């Protein structure tokens with residue numbers, strides 16, 4: 001299929017720059033695949049749209065402050081990087097980053113990283129104590145990234161467990177570029193995170209989960225709707241459009257995922273009693289589908305098992321859904337793997353119609369925008 005099938009014009013004022021004042025007060029469009037209809041709700045109405053025995057599956061990955069700002073030591077030029085992953089070799093800790101700067105950096109060049117803009121220093125400490133992170137560019141990595149060695153005032157950083165501590169001290173919230181301009185002190189560190197985030201590792205939020213509150217989960221529990229957890233760490237590919245002529249030519253990036261045994265058991269129990277598996281977000285959907293297809297390949301039967309490893313499943317029209325019955329998601333970028341995924345579930349024409357209605361009805365799009373429930 002040509003990529004133009006998944007393109008659309010979006011007025012700039014439909015791109016949400018800030019989240020809804022209350023998480024669960026975002027709008028919710030319900031898309032009924034069988035009836036081909038769309039109805040309009042608020043997210044706090046979700047318990048009325050689910051049934052006792054249904055199982056919500058959410059992604060508990062935590063967004064890390066992966067955006068690093070600094071300057072090139074040799075030229076003084078501004079430098080910006082996005083942390084991708086860390087590894088340790090014989091010489092110390094190496095970070096892989098996407099970098100943006102003027103000119104052409106060279107291996108061996110030094111980058112001085114700024115301290116986090118809103119960091120509150122501990123009582124009695126000095127600003128100087130919380131400075132001193134320098135990166136030395138080692139060379140190019142895969143996918144246009146750079147690899148860099150970390151240096152602290154007392155020498156090279158060698159402890160892999162220090163990654164999250166250093167990012168908390170020096171990193172900024174990695175907001176997508178379409179909502180980042182001019183941001184300062186807006187509370188994104190809290191709101192660009194689900195209320196149930198646990199395991200650090202994502203460079204972007206699993207945004208469908210941003211609408212949930214603890215109170216909403218309590219209501220769901222009272223209604224007999226279950227909740228199960230998995231983890232998929234959202235990678236840099238989430239920001240990238242499909243730069244191909246046909247969707248079949250795209251190769252999906254791999255992301256690390258974990259589906260615990262307890263979750264696999266709850267999924268199998270839900271299937272056995274005839275309940276619906278409702279994926280919260282495309283990250284949960286891809287993990288569920290990856291595991292379900294893996295089990296079918298191994299055993300010949302539909303089911304779930306524990307899983308830990310990379311997920312690079314690319315869901316496009318023609319995919320046979322085995323791991324979910326419904327999906328909660330946001331409104332996505334044109335020409336993205338995410339709009340291809342929801343089109344695979346609901347149908348290209350129905351999603352095209354739903355997006356046309358959403359634009360006309362004033363729905364808010366992208367990370368901080370409104371939600372869609374495909375059932």
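The values are calculated or read from the model by the stated rules, or taken from the named source; none is laboratory data. No experiment lies behind these values; they were computed from the predicted model shown. Backbone-built Cβ (ideal geometry, glycine too); neighbour counts: all protein chains shown.
Candidates in region 107-119 are the residues that are part of a loop (DSSP other than H, G, I, E, B) and farther than 9 Å from residue 69 by Cα; of these, the one that is modelled with the lowest pLDDT is 119. In region 77-99 there is no residue that is surrounded by fewer than 14 Cβ atoms within 10 Å (Cβ to Cβ) and within 25 Å of residue 364 (Cα to Cα). The set of residues in region 250-263 that are in a helix (DSSP H, G or I) and more than 19 Å from residue 327 (Cβ to Cβ) comprises 261, 262. Would you call residue 86 over 30 Å from residue 273 (Cβ atoms) and not assigned by TED's automatic domain parsing to the domain that holds residue 355? Judged against the criteria, residue 86 is a match.
Considering every residue within region 268-285, establish whether at least one is more than 23 Å from residue 332 (Cβ to Cβ), free of Cβ contacts under 8 Å to residues at least 12 places away in the same chain and touching a strand residue (DSSP E or B) at 6+ places or on another chain (Cβ under 9 Å). Among the residues of region 268-285, at least one is more than 23 Å from residue 332 (Cβ to Cβ), free of Cβ contacts under 8 Å to residues at least 12 places away in the same chain and touching a strand residue (DSSP E or B) at 6+ places or on another chain (Cβ under 9 Å), which makes the answer yes. Of the residues making up region 225-247, those that are part of a loop (DSSP other than H, G, I, E, B) and closer than 13 Å to residue 205 by Cα number 3. Note on region 248-264: among residues that are surrounded by 21 or more Cβ atoms within 10 Å (Cβ to Cβ) and touching a helix residue (DSSP H, G or I) at 6+ places or on another chain (Cβ under 6 Å), the one that is farthest from residue 207 (Cα to Cα) is 259. Selection of region 57-94 for residues being in a loop (DSSP other than H, G, I, E, B), free of Cβ contacts under 8 Å to residues at least 24 places away in the same chain and more than 14 Å from residue 112 (Cα to Cα) yields only 90. Can you confirm whether residue 122 is in a strand (DSSP E or B), surrounded by fewer than 17 Cβ atoms within 10 Å (Cβ to Cβ) and either in contact with a strand residue (DSSP E or B) (Cβ under 9 Å, 6 or more places away or on another chain) or at pLDDT below 80 (or both)? Criteria not met by residue 122. Set side by side, the residues 309, 323 differ, and just one is in contact with a strand residue (DSSP E or B) (Cβ under 9 Å, 6 or more places away or on another chain) and not in a loop (DSSP other than H, G, I, E, B), which is 309. For region 272-293, residues that are part of a helix (DSSP H, G or I), crowded, with 18+ Cβ neighbours inside 10 Å and over 23 Å from the mean Cα position of the chain (by Cα) total 0. The residue list 232, 242, 267 contains one member that is modelled with pLDDT under 95 and buried (at least 17 other Cβ atoms within 10 Å of the Cβ), which is 242.
Per-residue answers, yes or no, for (1) in the same structural domain as residue 274 (by TED's automatic domain parsing); (2) at pLDDT below 95; (3) surrounded by 18 or more Cβ atoms within 10 Å (Cβ to Cβ); (4) part of a loop (DSSP other than H, G, I, E, B):
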{"site": "298", "(1), (2), (3), (4)": "yes, no, no, no"}
{"site": "314", "(1), (2), (3), (4)": "yes, no, no, yes"}
{"site": "332", "(1), (2), (3), (4)": "yes, no, yes, yes"}
{"site": "350", "(1), (2), (3), (4)": "yes, no, yes, no"}
{"site": "354", "(1), (2), (3), (4)": "yes, no, yes, no"}
{"site": "357", "(1), (2), (3), (4)": "yes, no, no, no"}
{"site": "362", "(1), (2), (3), (4)": "yes, no, no, yes"}
{"site": "369", "(1), (2), (3), (4)": "yes, no, yes, yes"}
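For region 1-24, a residue qualifies if it is part of a helix (DSSP H, G or I) and surrounded by 15 or more Cβ atoms within 10 Å (Cβ to Cβ), and the qualifying residues are 3, 5, 6, 14, 23, 24.
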